[in-house]
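Structure first, commentary second.
The values are calculated or read from the model by the stated rules, or taken from the named source; none is laboratory data. None of these values were measured; they are calculated from a predicted model. Note that we place each Cβ from the backbone using ideal geometry, even for glycine, and neighbour counts take in every protein chain shown. Heavy atoms of the whole protein, side chains included, go into the accessibility calculation; ligands, DNA and RNA do not. Shrake-Rupley method; radii C 1.70, N 1.55, O 1.52, S 1.80 Å.
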Amino acid sequence: MSLDVLVVDDDFMVASIHRRFVERVPGFRVVGEVHTGADALAAVDRLRPDLVLLDVHLPDVSGIEVLRRLRTAGHDIGVVVITAAREADTVRAAAAGGAAHYLVKPFAPEDLAARLEEFLRTRQALDGLGDADVGQEDLQADIDAVFARSPQGAGARAPLPKGLSLETADAVLAALADGVELSATECADAVGVSRVSARRYLEHFATAGRAAVRLNYGTAGRPERRYRLS
């Protein structure tokens, strides 16, 4: 399965960077790049993408207004809001408009990749619901995958991506217990896995809504990502 993506950002350079981020993720291709709300609405009608990466601060109308107009027009297209806006009202409006994710700038390429991969898994699960040959158990698994991030399913275990084990996932969650905040390196030391492996588990829990991420700008170079349970 390959999903078409429309990139919407008022900054030409940022839009180009987001395009490159998307094109690194298997299963996605960028079919358009626009810089205003009006162009975004026209491009959705013309290109019919599967997913829109949508900035909030656009020169003509806000990204939230673009999202509202898409829904009013009947588009059930996937939307990932990518913005520096942190106001609670903006976040609530994005959620009410059915945004799949809300990603705050600045972020690392793997942050976007994790959310794209989850969106792809959800689409695959939805496609599986139409298969008449799927058994009851597999059907329920597909439905659970679709609702893994919903409030109704917040207490349930989200499906693990391929290559992650339940045992290590439980160990990572245990390391974050009692309000502990850890970097990927600190988590790796606590659990006894590589830093790369620890980062994969931590990002999975962040994407699934079970962990929160804070950027620590107190160190030299790129900000350090620190994780705690939500």
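Remarks
- The alpha carbons of the stretch 1-123 stretch over 31, 30, 28 Å along the principal axes, in descending order.
- Applying 1/(1 + (r/R0)^6) with r as the Cβ-Cβ distance of GLU181 and THR72 and R0 = 41 angstrom yields a FRET efficiency of 0.50.
- Note on the stretch 38-107: Kirkwood hydrodynamic radius from all Cα pairs is 12.0 Å, rounded to one decimal.
- Between ASP89 and THR36, the C-beta separation translates, for a Förster distance of 30 Å, into a calculated FRET efficiency of about 0.85.
- Loop trypsin sites (Lys or Arg not before Pro), the stretch 17-54 (other Cβ atoms within 10 Å of the site Cβ: 13 or fewer; DSSP): ARG24
- Rolling a 1.4 Å probe over the protein heavy atoms leaves LEU229 with an accessible area of roughly 60 Å².
- Percent of Cα pairs in the stretch 7-71 per distance bin of 10 Å, from zero to the largest separation: 23, 56, 21, 0.
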